[in-house]
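Worksheet: one structure, shown below.
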Ligand SMILES: [Zn+2]
Ligand SMILES: [Zn+2]
């Protein structure tokens, strides 16, 4: 194995490097006991392998969060709706040809205030999960969501969204009915609202399908939820050309709540009961309820605040570029 | 045949009465020549039959207009578009899953002004006619039209619509994708526009499918076009329970340009070249162009006119009721 | 006790049970057609309903006759329904929350929409706009009233224009679809409600089943235009049993107006 | 004369003919990928293009590496494309009508959208808003730039927000879809254009053909995501041959701005 290529992490790197680590550990011990020294290339290799072990530890940690975020036992949108809102009434249909059940929409009351609620719905059992495409929505789902957003806008209801999807449904009929446009238009509709929007990432935040409903004035993220431009598996398969290195990809993508908070993409990490939300769903829901209530109260008391402008400024400021050469236009 | 039932026009009335007329004519001649007199019942019958003959003559006249309005040789929306607008560019698609070709939409220029153009498209040959459902639109057609209306609204383009449809398409898939809602929403969208809207009824104006695109500040109707709540055949089959009396129904419905002008539903009758538009399509199109140009000029020079309010007031005033007992609310 | 036969399951039921169950068969759940007065009674708080413009009536301005004249049909319809027209319009409270309310009646010429229906909906809309209270419409209609020719088609435009103004005033508007709601009513004010509720078994479509069957030249599905199919196709928000409708409306009124329903006003 | 082989029909063609035909095979009509500079040259009036912010460049803020590091990929992409990023942004005239213009380049990391693409689109939008001139974007993108992780996803939000402001200012925005346009770009600014034009043969979809095939577990239609299918499915307005695009854009600019195109400015 040549030193210069290690950083490129070739296809079988994981297996190879684990073998190498074993060898190097041996070499080290040999050094310690025998005083035998290594040349520079060997030292560089050892260091890289040390780094790699650190990477691999991090990747494992991230991967556990990815697995947690997908855990079927975690509370899902219907659990949060039931536990948080009074007088919830579910509304259905895009008025165009379908009611996509992978997105729940409705109105309810929190702390005496009427709010519009929109959330991905993965389904509670295998039958529902198949029916709801495991929370992967059709364009029609986003169109239903937009219809409810427009009701919220007209009647001044704050919009609360729960994000929990592996991503928009990549099926032929979804493409034929305009998946890309539905996502874009849903994002656009959220930007056009003058009412406050609050988003809670409760599980998987999969790519455009998540973002479509996640344009929040305030975005909260459960400790063990994820939010990513692509699934680790998809990323691994495209960039590493090897879906088995999904763990490495998950680390590289920076998709955990801590990463996202550091990057300024979310406003708040909501910590979970020990071991994860599924260990104490009631408590988890109570915690989320309390944060939602406080945020809502704060937002509803700031009447003159321009929620629309705030969202535009917040999201338009996102990005890291080398600005030194930026010309003024 | 009993006198009292005649006015109810039973199923086989036409045939029977023609026979009777023959008899009565004979009787009259007998009277004249012989001095033989008839009793009151006989006189009443004779009078009713005279009336009926008048009805039948009217019905035939109306029916010829119905047939003319459906004539395939009449100029259709594409002919008017080609002959009237410069720089026309066709726009397609509802962005939701379909481009319904039974409605043409686009932008063009008339007299130097950009206008949005929407019109039913029956198709120029049998292949197209089948493809376009003979000008019967799917909900998707109205949704495409609404998309173009919204572009017109945002950019201040007047909207010109050409109406020529037997009615919205009564198919299962049309119902499943919300035909009723699409028509209602299209009407609603036309009422929400602040730009001027001008409608020209050029052939068949069939029910809701026509109305969906026909909310005009100024509505013009070609002399031999029709505009009706239901097709004469449909009306005959429902009210008379006999579709063969469509001619009678066509008269009863008051669906000609002259009737509609009298009723205040249209603003202008555009007279056709002798024998009908199909006898001189070029001239017909030139005439329509000239009226559109003048109307557009008038509308565009009245900047402060509230076109939206005007449409609301105009259509909300339509209806004939006995108001003597109307309570104030 | 009087016995009657359910129109659907053909079982014998006590008339009392049937009426106490709001004309829903206690055995098979069949929702029989309710007339407008019955609907008001089962929906509005006891004694709260005030009717508007009840004496406004139709005019045979086209001198329309088919097998009967329009005037004859109007007289028959008045007798049959006990109403002056196919719609009742007024104001009421539901669990104490004020709302404008319109109820169509299928017994009056098949609930067809002519000038009076259009005008009375306009009156209700204007009441809602001026008092800033919601609007609820119960639909039941075979479509436009052919006897008023093109003017009946124009009632679609008229009512949509009114609802459009209502929407621009941000007044909540809920529509309850009852059996049957088709044609010009479904293609105008019914489908542009903020929230659409439907009773189970209510036919709700634009073109009727027979017309569609003639067009597509094959049998249509059994559930054509029915509540479950409309829900699946995204055309309605909520399917509510008749006995739940009062609750659902009160909840919606409460959520949209911020007022708290009062239980004591329940009939 | 240099001879080249068409990538699609494999026939031998004169290189000159190919380039004079705007990289469209004169034999089978195959539209080969155009790079951003070529596109500007074929679209904008000669000498009218002024580039904005060309030196704005990407930062490896996540210290991202897969088989190569992000920095390495950026260097390679710069070499391969001759550009600093996957998009060129500026202002030009088309037949004398001023417009902001952005052209994506698939040669730069597959036209992927990272922070720089987002920022440069924002710059173009702000130019259009401040000068009240239309915006034209030519898309070509495999989607979001994974090497910027969640921040690349946020570029979808950022660009849509910008376009939303553009729309609220009633500034016309036309999008020309070129091969391929998928993922995050198709699901953000591309699909919310006022008018969407597509080149023949351009793949335009959200999920790519292979992903969809894996999901539905059967072969997808041959025309998946292609122009004719997108037209039929109502997703695009106009299919325009490459040599027509200049005409179509000039016509749209003219219709939307009321300005009359000037022929003398044609290249
Ligand atoms: Zn029964
Ligand atoms: Zn070729």
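Against the definition (modelled with pLDDT under 95 and surrounded by fewer than 16 Cβ atoms within 10 Å (Cβ to Cβ)), how does residue D:214 come out, yes or no? Against the criterion (modelled with pLDDT under 95 and surrounded by fewer than 16 Cβ atoms within 10 Å (Cβ to Cβ)), residue D:214 qualifies. Considering the range A:152-179, and only residues there that are more than 30 Å from residue C:172 (Cα to Cα) and without any contact (Cβ under 8 Å) to a residue 24 or more places away in the chain, the residue that is surrounded by the fewest Cβ atoms within 10 Å (Cβ to Cβ) turns out to be A:172.
Among the residues of the range D:102-116, those identified as in contact with a strand residue (DSSP E or B) (Cβ under 6 Å, 6 or more places away or on another chain) and part of a helix (DSSP H, G or I) are D:111, D:115, D:116. Working only within the range B:252-269, note down all residues that are surrounded by fewer than 22 Cβ atoms within 10 Å (Cβ to Cβ) and touching a helix residue (DSSP H, G or I) at 6+ places or on another chain (Cβ under 6 Å). B:269 - this is the single residue of the range B:252-269 that is surrounded by fewer than 22 Cβ atoms within 10 Å (Cβ to Cβ) and touching a helix residue (DSSP H, G or I) at 6+ places or on another chain (Cβ under 6 Å). Summed over the range D:9-20, the residues that are over 15 Å from residue D:34 (Cβ atoms) and within 12 Å of ligand 2 (Cβ to nearest atom) give a count of 6. Looking across A:215, A:187, A:163, one residue alone is at pLDDT 95 or above and assigned to a loop (DSSP other than H, G, I, E, B). It is A:215.
Does residue D:1 satisfy the criteria of being farther than 27 Å from residue D:250 by Cα and not assigned by TED's automatic domain parsing to the domain that holds residue D:154? Taking the combined requirement at face value, the residue satisfies it. Applying the set (1) crowded, with 24+ Cβ neighbours inside 10 Å; (2) at pLDDT 95 or above to residue A:235 leaves exactly one unmet item: (2). For the list (1) over 21 Å from residue A:139 (Cα atoms); (2) assigned to a loop (DSSP other than H, G, I, E, B), I need the number of the one condition that residue D:179 fails. Evaluating residue D:179 over (1) over 21 Å from residue A:139 (Cα atoms); (2) assigned to a loop (DSSP other than H, G, I, E, B) leaves (2) as the failure.
So that you can scan it fast, the table gives a plain yes or no per residue for (1) more than 10 Å from every other protein chain (Cβ to nearest Cβ); (2) crowded, with 24+ Cβ neighbours inside 10 Å; (3) in a loop (DSSP other than H, G, I, E, B):
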| site | (1), (2), (3) |
| --- | --- |
| A:183 | no, yes, no |
| A:195 | yes, no, yes |
| A:199 | yes, yes, no |
| A:203 | yes, yes, no |
| A:221 | yes, yes, no |
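Residue check: is residue B:52 more than 14 Å from chain D (Cβ to nearest Cβ), modelled with pLDDT of 95 or more, part of a helix (DSSP H, G or I) and surrounded by 19 or more Cβ atoms within 10 Å (Cβ to Cβ)? No: the conditions fail for residue B:52.
Flag not set for residue D:191, criterion: in contact with a helix residue (DSSP H, G or I) (Cβ under 9 Å, 6 or more places away or on another chain), buried (at least 22 other Cβ atoms within 10 Å of the Cβ) and more than 9 Å from every other protein chain (Cβ to nearest Cβ). Do we find a residue being without any contact (Cβ under 8 Å) to a residue 24 or more places away in the chain, assigned to a helix (DSSP H, G or I), more than 13 Å from chain B (Cβ to nearest Cβ) and away from ligand 2 (no atom under 16 Å from the Cβ) anywhere in the range C:81-95? No, there is no match, as no residue in the range C:81-95 is without any contact (Cβ under 8 Å) to a residue 24 or more places away in the chain, assigned to a helix (DSSP H, G or I), more than 13 Å from chain B (Cβ to nearest Cβ) and away from ligand 2 (no atom under 16 Å from the Cβ).
When the residues of the range C:117-149 are filtered to those that are assigned to a loop (DSSP other than H, G, I, E, B) and away from every other protein chain (no Cβ under 11 Å), the one that is nearest to residue C:253 (Cα to Cα) is C:133. In this structure, residue D:40 does satisfy being at pLDDT 95 or above, within 26 Å of residue D:259 (Cβ to Cβ) and under 19 Å from the mean Cα position of the chain (by Cα). Scanning the range D:164-184 for residues that are crowded, with 24+ Cβ neighbours inside 10 Å and either at the interface with chain A (Cβ under 7 Å from one of its Cβ atoms) or out of contact with any helix residue (DSSP H, G or I) (no Cβ under 7 Å at 6 or more places or on another chain) (or both) gives D:178, D:180, D:182, D:183, D:184.
Of the listed requirements (1) in contact (Cβ under 8 Å) with a residue 40 or more places away in the chain; (2) crowded, with 19+ Cβ neighbours inside 10 Å; (3) in contact with a helix residue (DSSP H, G or I) (Cβ under 8 Å, 6 or more places away or on another chain); (4) in the same structural domain as residue D:140 (by TED's automatic domain parsing), residue D:24 misses just one: (4).
Please verify whether residue B:248 is in contact with a helix residue (DSSP H, G or I) (Cβ under 9 Å, 6 or more places away or on another chain), modelled with pLDDT of 95 or more and surrounded by 15 or more Cβ atoms within 10 Å (Cβ to Cβ), treating the condition exactly as stated. So residue B:248 fails the test.
Residues in the range C:61-79 that are buried (at least 20 other Cβ atoms within 10 Å of the Cβ) and either on the phi > 0 side of the Ramachandran plot or away from chain B (no Cβ under 13 Å) (or both): 1 in all.
The values are calculated or read from the model by the stated rules, or taken from the named source; none is laboratory data. All figures in this text were calculated on a predicted structure; none of them were measured in a lab. All Cβ positions, even for glycine, are placed from backbone atoms using ideal geometry, and neighbour counts span all protein chains on display.
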